[in-house]
């Protein structure tokens, strides 16, 4: 017997210790759960291809699961948990208003059954929300109408000198206050030799502002909605200017998620979870959509451009339960498929399916804030179908396996009819996942003709996906769709309030 070389004794046991069962092509975890088996007779050429397939470590699965868990924990810790449930939570309190009196006001908040932050907080974190990604015509028209109304407003100064606030003539009491409207009031300033036609503005006047100063050739325009914020007034006595010699009781407050702005008190703004602008005097001086959306400021304050929400929202979840569902899916289905395809292929399918799903959702449900990798997960489910189709000839009873898979997917689509679950992302993610899976998943061939056919198939499905994605981009940015019935495809109103307000006040009026 030849003497053993150094280290030879432990080589075999160590190899056995680290050897893991290879992920069988066409079967996998789902195949085992559904009792899927190979045919009794398989061609040796096909069998050799199956044996030669690489087995990969699921690095992407571990990475994306860790990121999802970490971000969810941070979001809950920083933004807290919204009221839990399927309906709406109402809070009523007595709040000091801009007129100096207390009124009972109500704040309505949508409950979140996923046990997580509110919708407004999710938008601030990076949820898919169309008004933050493009200039929404409905929101733009609403803001323009608000500015036109503000253009004809003036400072309402109470007779007892207890305060002043910017209002319309109808909102200013003719007996208890003075509406300082230019050019009818004696304090009217001049512009280019004539009287100004619009104003006044509480605590702002071109005659007394030093920074930025209203001087030729940079005089402030007649239209008060185009005035800048005055950061410094000149020192002096403003007794002759009623709108300057008063305590201002209302400033701009951005409320809700559609760019709505009110001149109101800080107390009311805080109660309504709004963004109070102490530095401004008019709503036209603030950009509410910038406050609502958060993240990086818009390049043009008037035009939202946060297109990166399409992929950023894939890493957010609506709550703890939502994240647990994703973790369970990823540590089973995604992990199993990554062993077959490798991290590079599976990450491409996962991310592109999710982005496509979010894009379709942004087109058909623009006013719903959506988070989570729903489109990505259905794109991964599409991989199971493609793997089944590619291994059809080596499986026993493939039709049975197909109908079992189909039943699972149809159940998940039906589950998507519940609130806060986006069926448009599911459907689009699944369709794009099919195209991407045919293009990127590894395959086995059954002869030379089949090999050439599948190589052509890769190119064809890549082109189809590019066409699909390009079409969705064109629809989103250039041909916005207004779909009244689309909400019913993703949430069926079993009760009056079951789906109500899930679009976050889509009816702006």
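Output the number of residues of the stretch 304-321 satisfying the condition of being out of contact with any helix residue (DSSP H, G or I) (no Cβ under 8 Å at 6 or more places or on another chain) and within 15 Å of residue 81 (Cβ to Cβ).
1
Would you confirm whether any residue within the stretch 120-141 is assigned to a loop (DSSP other than H, G, I, E, B) and farther than 27 Å from residue 284 by Cα?
The first filter runs over the stretch 120-141 and keeps only residues assigned to a loop (DSSP other than H, G, I, E, B), leaving 126-127, 129, 133-136.
If we keep only those that are farther than 27 Å from residue 284 by Cα too, we end up with none.
No, the stretch 120-141 has no match at all.
Residues that are not assigned by TED's automatic domain parsing to the domain that holds residue 418: find the helices (runs of 4 or more DSSP H) completely inside the stretch 244-328 holding 3 or more of those.
Hits in the stretch 244-328: 266-271, 288-293.
Of 126, 100, which residue is on the phi > 0 side of the Ramachandran plot and crowded, with 21+ Cβ neighbours inside 10 Å?
Working: 100 fails: crowded, with 21+ Cβ neighbours inside 10 Å.
Just a single option satisfies the conditions, and that option is 126.
Please return the ranges of helices (runs of 4 or more DSSP H) entirely within the stretch 333-394 where 2 or more residues are touching a strand residue (DSSP E or B) at 6+ places or on another chain (Cβ under 6 Å) and either without any contact (Cβ under 8 Å) to a residue 12 or more places away in the chain or closer than 24 Å to residue 411 by Cα (or both).
Passing ranges, in order: 343-364.
Among (1) outside any strand (DSSP E or B); (2) under 37 Å from the mean Cα position of the chain (by Cα), there is one condition residue 160 misses while meeting the rest; what is its number?
(2)
Quick test for you: out of 489, 463, pick the one residue that is more than 20 Å from the chain's Cα centre (by Cα), in a helix (DSSP H, G or I) and modelled with pLDDT of 80 or more.
463
For the stretch 426-436, state whether one or more residues are outside any helix (DSSP H, G or I), touching a residue at least 24 places away in the same chain (Cβ under 8 Å), in the same structural domain as residue 465 (by TED's automatic domain parsing) and touching a helix residue (DSSP H, G or I) at 6+ places or on another chain (Cβ under 7 Å).
no
Hand me the list of helices (runs of 4 or more DSSP H) wholly inside the stretch 14-102 holding 2 or more residues that are under 27 Å from residue 324 (Cβ atoms) and touching a residue at least 40 places away in the same chain (Cβ under 8 Å).
By residue number, 28-33, 59-79.
Name the single residue, out of those in the stretch 197-213 being part of a loop (DSSP other than H, G, I, E, B) and in contact with a strand residue (DSSP E or B) (Cβ under 7 Å, 6 or more places away or on another chain), that is modelled with the lowest pLDDT.
Step by step, filter the stretch 197-213, then rank; the result is 199.
The values are calculated or read from the model by the stated rules, or taken from the named source; none is laboratory data. From a predicted model like this one, the values you see are computed outputs, not experimental measurements. Reconstructed Cβ throughout: ideal geometry from the backbone, glycine too, with neighbour counts over all protein chains shown.
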